[in-house]
1. Out of TYR48, TYR60, report the one residue that is over 24 Å from ASN8 (Cα atoms), among the hydroxyl-bearing types (Ser, Thr, Tyr) and out of contact with any Phe, Trp or Tyr (no Cβ under 6 Å at 6 or more places or on another chain).
2. For region 24-34, does any single residue satisfy the condition of being free of Cβ contacts under 8 Å to residues at least 40 places away in the same chain, more than 12 Å from the chain's Cα centre (by Cα) and over 22 Å from THR5 (Cβ atoms)?
3. Within region 35-45, count every residue that is surrounded by 15 or more Cβ atoms within 10 Å (Cβ to Cβ) and either among the aromatic types (Phe, Trp, Tyr) or free of Cβ contacts under 8 Å to residues at least 24 places away in the same chain (or both).
4. Which pairs do you get when a residue that is over 17 Å from ASN83 (Cα atoms), found in region 52-65, comes within reach of a residue that is outside any helix (DSSP H, G or I) and not aromatic (Phe, Trp, Tyr), reach meaning Cβ atoms under 6 angstrom, with the pair 6+ apart or on two chains?
5. Out of all the residues in region 65-80, is one or more in a helix (DSSP H, G or I), under 15 Å from LEU6 (Cα atoms), open to solvent by 40 Å² or more (accessible area, probe 1.4 Å) and modelled with pLDDT of 95 or more?
6. Limited to region 10-26, what total is found for residues that are at pLDDT 95 or above and either hydroxyl-bearing (Ser, Thr, Tyr) or open to solvent by less than 50 Å² (accessible area, probe 1.4 Å) (or both)?
Amino acid sequence: MQDNTLENTRKKLIFRSWHRGTREIDLLLGRFADAHLPGFDAGELQQYEDLLVNSDPDLYNWITGKETPPANLGSDVLQKLINFHS
């Protein structure tokens with residue numbers, strides 16, 4: 001049952017990554033999600049879900065290095081996302 005719940009969470013997060021509202025962030029998050037979410041554990045999935053509550057402009061600026069993410073958002077998943085696109 002736990003594996004099924006994690007798989008549903010992965011599918012939901014991948015869908016949300018590709019359907020944000022702006023094409024630029026859809027591409028940045030969607031490509032990352034496709035590549036990494038299948039291997040994420042429950043903790044990493046939660047970190048990624050927590051990132052998705054941020055606005056598209058903030059996420060775009062952090063991923064592209066235009067701004068430094070706030071210290072309270074620092075996570076392994078955010079760093080993986082930034083590294084994926086650098």
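1. TYR60
2. Looking through region 24-34, at least one residue is free of Cβ contacts under 8 Å to residues at least 40 places away in the same chain, more than 12 Å from the chain's Cα centre (by Cα) and over 22 Å from THR5 (Cβ atoms).
3. Result for region 35-45: 1.
4. ASP56/ARG20; ASP56/THR22
5. Within region 65-80, none of the residues are in a helix (DSSP H, G or I), under 15 Å from LEU6 (Cα atoms), open to solvent by 40 Å² or more (accessible area, probe 1.4 Å) and modelled with pLDDT of 95 or more.
6. Qualifying residue count, region 10-26: 6.
The values are calculated or read from the model by the stated rules, or taken from the named source; none is laboratory data. Computed from a predicted model, the values in this text were never measured in an experiment. Please note: Cβ atoms are built from the backbone with ideal geometry, for glycine as well, and neighbour counts cover all protein chains shown. Remember, those area values only see protein heavy atoms, side chains included, never the ligands or the DNA or RNA. Shrake-Rupley method; radii C 1.70, N 1.55, O 1.52, S 1.80 Å.
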